[in-house]
Amino acid sequence: MHPDCERILIPEVEIRAKVVELGRRISKDYAGKELLMIGILKGAMIFLADLVREISVPTRYDFMAVSSYGASSKSSGKVRILKDLACGVEGRHIIIVEDIVDTGLTLNYLAENLNSRDPASVKICTLLDKPSRRIKPVEICYKGFVIPDEFVVGYGLDYSERYRNLPCIMVLNPKVYMNKGE
Ligand code: PRP
């Protein structure tokens, strides 16, 4: 285990099994259709990379980046697109892929934004869901794990850009972020 982490919340083997399960479900639900998976940078990159390899229907993927806001400005609810899609979405079946839904501000905004571009459908897939922090409603169709309100890192999730490459989801030791002014 990484020395900055308090404990392992979700081991690698459980993530792996969940990704396979979600991939199977998605493949079944979209049988006979073509999919466009949209990963939200940067956190969702690792989940998306693993998930698309478990999907058996024709699938393309693209990325969006949105402004990330510190905890203090979250309540403003402002989300800004920093990088938009390279492809059009009109008539396409979209799944937005996230590593975590926390306040819901990001996904609530993105779902509305993408829906306004005339896709055939828009669904949300997230590896982690932290419902206790929700401010805006988000309809999650494909969900990996519901987690408690703890600071988690790994498998794409960061603290100050670190720990994204850890293979499992870990609870960060509060000593790491205390007195850092975030
Ligand atoms: C995280 C996560 C979601 C968003 C969820 O991204 O990947 O995009 O926060 O939070 P919300 O439900 O409160 O809106 P972050 O801004 O940390 O950027 P990152 O993916 O680059 O780490």
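The listed residues are 138, 153, and the only one of them that is of a type outside the set (Phe, Trp, Tyr), on the phi < 0 side of the Ramachandran plot and in contact with a Gly (Cβ under 9 Å, 6 or more places away or on another chain) turns out to be 138. The set of residues in the range 150-171 being within 12 Å of the ligand (Cβ to nearest atom), more than 12 Å from residue 8 (Cα to Cα) and surrounded by fewer than 23 Cβ atoms within 10 Å (Cβ to Cβ) consists of 158, 159, 160, 161, 162, 163, 164.
Within the range 106-125, being open to solvent by 60 Å² or more (accessible area, probe 1.4 Å) and either in contact (Cβ under 8 Å) with a residue 40 or more places away in the chain or touching a Gly at 6+ places or on another chain (Cβ under 8 Å) (or both) holds for 109, 117, 118.
Considering only strands (runs of 3 or more DSSP E) fully contained in the range 30-144, which possess at least 1 residues that are more than 9 Å from the ligand (Cβ to nearest atom), in contact with a helix residue (DSSP H, G or I) (Cβ under 9 Å, 6 or more places away or on another chain) and within 30 Å of residue 16 (Cβ to Cβ)? If you could, list the steps in order and put the result at the bottom.
Values: elements: 35-41, 59-66, 81-83, 93-101, 121-129.
In the range 30-144, the matching strands (runs of 3 or more DSSP E) lie at 35-41, 59-66, 93-101, 121-129.
Does at least one position in the range 79-93 carry a residue that is touching a Gly at 6+ places or on another chain (Cβ under 9 Å) and closer than 20 Å to residue 158 by Cα? Looking through the range 79-93, none of the residues is touching a Gly at 6+ places or on another chain (Cβ under 9 Å) and closer than 20 Å to residue 158 by Cα.
Look at residue 147 and say whether it is under 23 Å from residue 50 (Cβ atoms), out of contact with any Gly (no Cβ under 9 Å at 6 or more places or on another chain) and touching a residue at least 40 places away in the same chain (Cβ under 8 Å).
Details: under 23 Å from residue 50 (Cβ atoms): yes; out of contact with any Gly (no Cβ under 9 Å at 6 or more places or on another chain): yes; touching a residue at least 40 places away in the same chain (Cβ under 8 Å): yes.
Answer is yes for this residue.
Evaluating residue 16 against the criteria (1) at pLDDT below 95; (2) part of a helix (DSSP H, G or I); (3) not aromatic (Phe, Trp, Tyr) leaves one unmet condition, (1). The residue that is modelled with the highest pLDDT, among those in the range 68-90 that are open to solvent by less than 70 Å² (accessible area, probe 1.4 Å) and more than 20 Å from residue 117 (Cα to Cα), is 77. Note on the range 126-140: residues that are open to solvent by 30 Å² or more (accessible area, probe 1.4 Å) and touching a residue at least 40 places away in the same chain (Cβ under 8 Å) amount to 2.
The values are calculated or read from the model by the stated rules, or taken from the named source; none is laboratory data. All of these numbers come straight from a predicted model, not from anything done at the bench. Cβ atoms come from the backbone with ideal geometry, glycine included; neighbour counts cover every protein chain shown. What goes into the accessible areas is simple: the full protein's heavy atoms, side chains included, and nothing from ligands, DNA or RNA. Shrake-Rupley method; radii C 1.70, N 1.55, O 1.52, S 1.80 Å.
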